[in-house]
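Everything below concerns the one structure shown next.
The values are calculated or read from the model by the stated rules, or taken from the named source; none is laboratory data. All of these numbers come straight from a predicted model, not from anything done at the bench. Cβ placement follows ideal geometry from the backbone for every residue including glycine, while neighbour counts extend to all protein chains displayed. Note: accessible area is taken over every heavy atom of the protein model, side chains too, but ligands, DNA and RNA are not part of it. Shrake-Rupley method; radii C 1.70, N 1.55, O 1.52, S 1.80 Å.
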Amino acid sequence: MIMDETNAPTAIEQVKPNKLPERILLAIFLLFVLFFARHFLLRQYDAVRLAMFSRHIATADQVIATAGPTTNEVQVKFAGDELKNIIRALSSARTAREPHSKFMSSATGKAAFYRGTNRIGEITLTSGLFNIRSGGWRGPSFYSGALEPLLNTPMLEALRNSYGMPLQRGVTSNRKTTNQSKPR
């Protein structure tokens with residue numbers, strides 16, 4: 001360090017500014033970006049998972065929707081064009097993942113996809129929301145408005161009919177249900 005007679009730094013030497021505030025601001029900015037990037041990445045992960053599931057169930061030849069308590073379980077089978085429409089509705093769904101919270105819902109039923117006698121996939125249903133089931137793991141919620149009239153409404157209609165209750169007002173279904181009660 002070059003000093004003059006008064007022991008003060010000369011103009012030749014510059015004093016370095018304190019970099020601590022800049023580093024703190026950079027750290028805060030990076031945490032902020034990572035916080036929002038996490039949500040974006042999880043939504044992309046959900047889209048890939050749904051696409052994989054949709055491809056897997058595309059070869060199904062029937063779906064069996066089940067509703068009700070185990071003592072009076074009702075099953076509704078779908079095949080042909082109805083099945084194609086259900087798979088299309090599942091494929092067009094979008095994630096229901098919220099940015100800063102977890103979305104939870106109580107399932108009203110489940111639907112299992114079959115190729116012959118082999119179960120190739122299963123979802124749990126709540127209106128237009130559904131969860132992909134894989135083993136014992138339950139994935140994130142997905143939403144498809146088209147799924148409710150195709151799968152959920154006929155399933156719940158069959159359940160209400162098994163109890164002798166009419167369909168709720170405002171809910172329409174043009175499907176002729178083939179309900180099968182499973183006595184236990």
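Using the average count of surrounding beta-carbon atoms within 10 Å as a protection proxy, the listed peptides 39-51, 148-160, 80-92 rank, highest first, as 148-160, 80-92, 39-51.
In this view, the solvent-accessible surface of Thr71, computed with a 1.4 Å probe and all protein chains in place, comes to about 110 Å². The length gained by stretching the chain between Tyr163 and Ser92 to full extension, at 0.36 nm per residue less their Cα-Cα distance, is 22.2 nm. Taking amide H positions as placed in the peptide plane 1.01 Å from N, state which residues far from Gly109 in sequence (5 or more) or on other chains have amide H under 5 Å from it. So Gly109 has HN proximity to Leu125. The distance between label points at Lys84 and Gln62 comes to 1.9 nm (points 7 Å beyond Cα on the Cα→Cβ vector). In nm, give the distance between the simple-model label positions of Arg119 and Phe36, each being 7 Å from the Cα along the Cα-to-Cβ direction. Spacing of the two 7 Å Cα→Cβ label points: 4.3 nm. Database remark: amide H of Ala96 closer than 5 angstrom to the amide H of Ser141, Phe142, Tyr143 (H placed geometrically; neighbours at sequence offset of 5 or more, or on other chains; Pro and chain starts carry no H). A straight chain from Val48 to Tyr143 at 0.36 nm per residue would run longer than the Cα-Cα distance by 32.7 nm.
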